[in-house]
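The structure appears right after this line, and notes come after that.
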Amino acid sequence: MLGYSRGHWGSENGLHFTRDVTLCEDRCRVRCGQAPRVLASLRYVAVCLLRNADYPSVVAATRAMVARLDLALDLLKRPGFRF
C-alpha cells in the first residue's frame, strides 16, 4: 500500500506541480465551457515537449523557449517525439 501511495504522489509532484508552478495553471481564470480542459491539454503537451528538450529541467527549457521562439518551433519538428 505504501508503494502505491508513493507512486501516486510521485505523479502528483511531477506533472501537476510542474503544470501549476511553471505554467501557472492555478492562476488561470478561465472557467467556462470546454476552455479549461483544452488549456489543461495544451499545458500537458507543452510539458511533454519541454521534458524532451535538451535542458536540465522544464524551467530551464521554458526560459530558453521564451527567449528564442525558433527553439520552441524546432521542438515541434523533432523526429521521434513521443508523449
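The residue that is surrounded by the most Cβ atoms within 10 Å (Cβ to Cβ), among those in segment 11-42 that are aliphatic (A, V, I, L, M) and either under 9 Å from the mean Cα position of the chain (by Cα) or part of a helix (DSSP H, G or I) (or both), is 23. Tally time: how many residues in segment 43-83 are assigned to a helix (DSSP H, G or I), closer than 17 Å to residue 16 by Cβ and either polar (S, T, N, Q) or more than 12 Å from the chain's Cα centre (by Cα) (or both)? Within segment 43-83, residues that are assigned to a helix (DSSP H, G or I), closer than 17 Å to residue 16 by Cβ and either polar (S, T, N, Q) or more than 12 Å from the chain's Cα centre (by Cα) (or both) number 1. Against the conditions (1) closer than 26 Å to residue 78 by Cα; (2) without any contact (Cβ under 8 Å) to a residue 24 or more places away in the chain; (3) hydrophobic (A, V, I, L, M, F, W, C), residue 58 satisfies every one except (2).
Rule-based calculations on the coordinates, nothing more; no lab input. Since the structure is predicted, the reported quantities are computational estimates derived from the model, not experimental observations. Here Cβ is always computed from backbone atoms with ideal geometry, including for glycine, and neighbour counts include all displayed protein chains.
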